[in-house]
């Protein structure tokens, strides 16, 4: 299935509820080419949760909110546009579990405008 995904594209729909306590992010992944998508709702509290993903395997997920101006990761500290540098940014870190190697991904989103 992963080989087939190289030919597909992914659409992400994000819905951030900043009024919830803790804040939440609803993520809907919609692959092209007829692959099955999924929707998750996660609290933005940096607590680790596990997810069984049919495409990426078993994952440990941590999500939270930070200000781009306060990031301590060298790679993530660069490239922010002026409109987002002092706003809150949603961060998602995913790490593969039970894999031969370690897969770690980090995504950051910010609402512009």
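The values are calculated or read from the model by the stated rules, or taken from the named source; none is laboratory data. Note that the structure is predicted; figures quoted are calculated from it, not measured. Note that we place each Cβ from the backbone using ideal geometry, even for glycine, and neighbour counts take in every protein chain shown.
What the table below lists for this structure:
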read-out: Residue 85 touching a strand residue (DSSP E or B) at 6+ places or on another chain (Cβ under 9 Å) and not in a strand (DSSP E or B); value: yes
read-out: Filter result (surrounded by 12 or more Cβ atoms within 10 Å (Cβ to Cβ), modelled with pLDDT under 80 and either under 11 Å from the mean Cα position of the chain (by Cα) or in a loop (DSSP other than H, G, I, E, B) (or both)) within region 40-57; value: 55, 56
read-out: Some residue of region 58-72 being assigned to a loop (DSSP other than H, G, I, E, B), loosely packed, with under 14 Cβ neighbours inside 10 Å and at pLDDT below 85; value: yes
